[in-house]
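A short worksheet on the structure shown next.
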Amino acid sequence: MTPRKSGLKKLLLLSLSAVLFLAKFVVDVIVSKLDIEVGFLSILQVLLVAGAFITLYLYIERVWRAGDQNVVKKMGFALILTLVVGVAGLILYTISTTGFEIKNEAALPEGFESIVFANLYAVVFGTTALFVLLTIRDIIMSKRRKETKRNFRIFLVVFLASIAVTLPYRPFESNIIVTLAFTLVIFAILLNSFRLSWIVYLTKREKLIAMTFSFILFGMYVPIYVASVGETSLIAQSLTYYSRQLETFIAGTTLFAATYFGMTFVSTLFHLPTAEAFDRKNIEVLSLHNLGKLITRVFDFHELTDLVTRMTLEVCEAASAWLEVREGEEATSIARARTGGNAGAATVRTVALQNINIQDIEAITGHDGGAIRRVVRESRKAVVIDQVAADDRTKHVKTVAGKINSMAIVPLVSHDEVIGILYATKTMEFGFDGEDADVLSAFADQVTIALENSRLIEKSLERERLMREMLLAQEMQRKLLPQELPSIEEVQIEALSTPAFEVGGDYYDFTMLDDEHLGVIVGDVSGKGVSAALFMAEMKGIFLSLSRLHRSPSEFLAEAHSALLGTMDRRTFISLIYAIVNVRTGVMKVARAGHCPMIFLSGNGTRFVKPTGLGVGMGSREFFSRTITEDEISLSYGDVAVFYTDGVTEARPENGEEFGYAKLEGIVAESGSGSALDIRDQIVLAVDTHMGHKAPDDDLTIVVLKWLKRQSHPSVNLHHH
Amino acid sequence: MSTFKIEHRENNAINVLDLKGYLDAHTAPELEKTFQSLIDTNRFRIIVNCRDLTYISSAGLGVFMAYIEDVRRNQGDIKLSNMSPKVFNVFDLLGFPLLYEITPDEADAVKKFQETGKPPKAGK
């Protein structure tokens with residue numbers, strides 16, 4: 001239905017009702033002029049009244065759709081309406097001079113004025129009764145249960161029946177059936193008047209208001225009921241004259257109102273002493289609920305802990321509260337590893353406080369080695385100290401005397417470990433009852449989850465930050481490796497290096513030392529990850545600065561060892577293999593510092609070139625240089641030299657065999673006739689196949705050099721990066 | 001779970017460590033701890049028996065480097081024995097035979113200790 005259509009319908013209903021009321025008045029006047037009773041007119045009167053009130057009811061139902069209004073407000077409405085109507089009735093009563101003559105069980109108006117007053121009374125009181133009945137219905141229906149609706153229906157049926165049974169009788173004619181029917185109405189009223197459970201849910205303030213309202217309403221409806229029944233009251237006479245059925249309706253409704261509001265008054269009176277406790281419980285539930293919501297919203301640790309302490313004040317009406325947490329276990333274990341100290345040195349830190357200063361907190365918890373902490377850490381349950389000054393555990397708190405006389409101490413337990421403690425204090429002794437302890441415990445559980453959550457998020461943010469840093473480091477490390485391959489006519493070079501993690505310790509480089517010397521270096525820092533990457537970077541620097549000063553690879557390695565010795569710890573070393581090729585003469589000098597041997601492929605097949613030499617960083621300067629030897633090879637057209645790190649030879653799938661030297665040698669032999677790129681790719685492919693789906697767990701580097709010079713003059717052209 | 005194991009025993013008043021399994025960056029601290037405790041209790045004559053050592057990574061090699069100086073300064077030595085060819089190759093690549101005495105058999109190492117208490121080679 002469109003709003004406009006419904007608006008029109010409402011207007012129509014209201015007008016129809018008014019017309020019917022008016023018609024009834026006209027008929028009343030006509031009847032009073034006649035000397036005899038006309039049955040047809042009596043029936044018309046009944047129909048007009050019924051029609052008028054039914055249309056009025058339909059109108060009210062359409063307008064009054066305020067089911068969500070709160071009960072106290074509804075009572076307030078009934079109160080104001082009754083007051084206004086009551087006062088109006090009183091005024092009408094005082095200014096009316098004429099009444100009715102009771103004759104032959106019927107009321108006869110003494111004059112025209114009586115008819116007017118009777119009509120006014122009927123319309124005003126009838127309408128009011130309708131409103132009040134609907135109000136009571138709504139109040140009863142709030143917080144309803146299954147039988148509530150049924151009970152109210154029973155009342156309606158009995159009530160309408162009691163009105164209907166009066167139809168055959170004259171206005172003041174008594175009859176056993178009518179009396180019996182009204183008695184049933186009383187029972188139905190009582191049946192419905194015990195539906196008062198809504199009172200429980202009111203706050204203390206609302207209860208007080210409801211009690212006052214119901215008292216006034218009860219006080220008004222008792223006299224109204226008395227006035228609406230009986231033959232002597234002018235109002236009763238007027239109403240009965242107007243319509244006996246309406247009078248029954250008003251009397252019944254009034255009785256219902258008097259009974260129901262009377263019951264309400266008594267009930268609120270009984271509920272008042274518990275109102276405060278109920279209010280508190282309500283706040284507690286609300287606080288717990290609010291915190292539950294906060295868990296999903298507050299991720300910032302400090303914001304969260306501040307909220308927690310503030311809510312602690314609210315939850316148990318504490319004077320002050322604070323929260324302390326044990327500092328992260330990881331931090332301690334790192335410190336332990338560093339200092340070699342003993343375990344369990346986790347520190348406790350106060351992270352948030354309300355209405356108390358840190359000195360007082362330290363006076364309470366710091367004294368006596370944290371006796372209070374030990375109590376909850378052992379019990380893992382909330383501990384209440386009723387008399388701070390008298391209790392053994394808190395005698396020392398006298399220093400803060402006056403302010404703190406009872407305390408609740410609640411551990412935050414997560415995975416069987418106390419991760420923190422929540423404290424609440426009150427100024428009076430015995431401030432915390434058992435229920436407070438329960439509520440605080442429930443609250444503490446929520447706090448624990450929230451704190452853990454916040455820590456997890458912090459951790460994951462930290463991890464994300466580290467991840468970004470690592471990616472940056474990876475990018476930078478990639479730039480430490482040659483960006484371009486040297487383009488030298490005589491030599492083909494291909495290289496590949498992939499770290500197992502974001503950054504690695506493998507290193508390779510090549511550079512023209514002068515017009516005719518090409519240096520090729522491959523290295524592997526022991527260990528993996530960041531520390532290896534830092535040494536790798538240092539190695540790059542050493543190569544850049546020292547390589548041009550030496551034409552002998554063993555000399556360079558000895559210098560590199562000297563340079564690195566001071567910066568490396570004893571368990572770290574770098575394995576290096578360094579070859580210097582004279583591109584004019586084709587003489588290659590190779591020295592090795594603990595690195596995998598070079599594979600050399602020539603017309604005579606493959607062989608490992610493995611001059612002796614310690615890893616860089618091992619042994620003293622003199623001893624190291626004594627161990628380093630140099631091999632010299634004369635290159636011929638098509639010869640291949642392959643440098644690699646142990647990531648190749650030690651590549652090992654889950655529960656499988658290492659890739660091994662023999663396999664590598666075989667691949668070099670097979671693919672040796674191809675280009676340097678072919679050879680490199682064949683090795684990479686073989687290693688990948690060998691590893692299957694397993695990710696490599698070591699950095700892997702391959703550098704392939706192929707000699708492509710016959711007997712002619714060299715020309716050198718290196719692209720610098 | 002544990003892929004690495006160390007057993008400590010004595011052979012003619014020489015401390016023998018039997019290494020078993022996989023010695024890499026994860027398990028290296030275990031060996032470090034063992035060396036440290038030997039040094040802390042003034043036991044400097046050490047033989048590391050590698051018969052059951054299946055793999056050693058660079059981090060594993062680093063452990064030997066970390067303690068050799070301390071041990072030799074106290075007239076002791078770390079000798080290695082019973083390596084499989086594969087494991088020996090790893091030690092050999094890095095030049096360990098230049099710094100350490102590596103014998104095929106534990107008994108040879110014991111004999112060398114009995115012949116001389118001094119380290120045979122000047123490492124540093």
May I ask you to derive the FRET efficiency for B:I39 and A:L677 from their Cβ-Cβ distance with R0 = 41 Å, giving the value to the nearest 0.05?
0.20
Taking a crude spin-label model, label points 7 Å out from Cα along the C-beta direction, the A:S233 to A:E622 distance in nm is 12.9
Across the residues of B:89-97, average count of Cβ atoms on other protein chains within 10 Å?
6
Can you give the FRET efficiency to the nearest 0.05 for A:D445 and A:E469, using r as the Cβ-Cβ distance and R₀ = 30 Å?
0.25
Cβ neighbours within 10 Å from other chains - mean over A:213-223
0
Once you order the gyration tensor axes a ≥ b ≥ c over the Cα atoms, which shape class does chain B get: rounded for a/c under 1.5, otherwise prolate or oblate by comparing a/b with b/c?
rounded
So between A:K9 and A:Y169, what do we pick up on full extension, going 0.36 nm a residue minus the alpha carbon distance?
54.0 nm
Give me the 1.4 Å probe accessible area per residue for chain A, excluding ligands and nucleic acids, in Å².
48
How many nm separate the modelled label positions at B:D52 and A:K103, each set 7 Å beyond the Cα in the direction of the Cβ?
12.9
At 1.4 Å probe size, with the rest of the protein present, what percent of the exposed accessible area of the protein assembly as shown is carbon and sulfur atoms?
59
Length gain on complete extension for the stretch A:I154 to A:R607, per 0.36 nm per residue less the alpha carbon to alpha carbon distance?
152.3 nm
Cα gyration tensor shape of the range A:596-721, rounded if a/c is under 1.5, else prolate or oblate by comparing a/b with b/c:
oblate
Could you tell me what a quarter of the Cα convex hull surface of the protein assembly as shown works out to, in nm² with one decimal place?
60.2
Short version: ³J(HN,Hα) in whole Hz for each residue of the range A:183-197, in order, from phi by Karplus 6.51 cos²θ - 1.76 cosθ + 1.60 (θ = phi - 60°), x for Gly and Pro, what are they?
4, 4, 4, 4, 4, 5, 5, 4, 4, 8, 6, 8, 7, 10, 4
Looking at the square roots a ≥ b ≥ c of the eigenvalues of the Cα gyration tensor of the range A:142-229, which shape do they give, rounded for a/c under 1.5, prolate if a/b is larger than b/c, or oblate?
oblate
Near B:K20, which lysines are there with a Cα under 26 Å away, not counting those fewer than 8 places off in the same chain?
A:K528, A:K694, B:K5, B:K33, B:K79, B:K86, B:K111, B:K112
Quick one: give the max-minus-min coordinate of the C-alpha atoms of the range A:484-707 along each principal axis, largest first, in Å.
42, 42, 30
Modelled label-to-label distance, A:I176 and A:V29, 7 Å Cα→beta-carbon offset: nm?
4.4
Within the range A:190-221, find all residues whose amide N lies under 17 Å from a label point positioned 7 Å from the Cα of A:L83 along Cα-to-beta-carbon.
A:208-221
Could you list which residues have their amide H under 5 Å from that of A:I488, counting only those 5 or more apart in sequence or on another chain, with H placed in the peptide plane?
none
Gap in Å between the Cα centre of the range A:527-545 and the Cα centre of the range A:159-218?
95
Below 8 Å between Cα atoms, with a sequence gap of 6+, how large is the relative contact order for the range A:484-707 in percent?
25
So how much accessible surface do A and B hide from each other in total, probe 1.4 Å, in square angstrom to the nearest 100?
2100
Packing-ranked peptide list from A:207-216, A:508-517, highest mean Cβ count within 10 angstrom first, is A:207-216, A:508-517
Could you pull out every residue, at least 5 positions away or on a different chain, whose amide H is within less than 5 Å of the one on A:G594? Hs are placed 1.01 Å off N in the peptide plane, and Pro or chain starts have none.
A:L576, A:G613, A:L614, A:G615
If you count, for each residue, the other Cβ atoms within 10 Å and average over each peptide, how do A:700-708, A:618-626 line up from highest to lowest?
A:700-708, A:618-626
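The values are calculated or read from the model by the stated rules, or taken from the named source; none is laboratory data. These numbers come from a predicted model, not from an experiment. All Cβ positions, glycine included, derive from the backbone under ideal geometry; neighbour counts span all protein chains shown. Side chains are part of the model used for accessible areas, which takes the heavy atoms of the whole protein and leaves out ligands, DNA and RNA. Shrake-Rupley method; radii C 1.70, N 1.55, O 1.52, S 1.80 Å.
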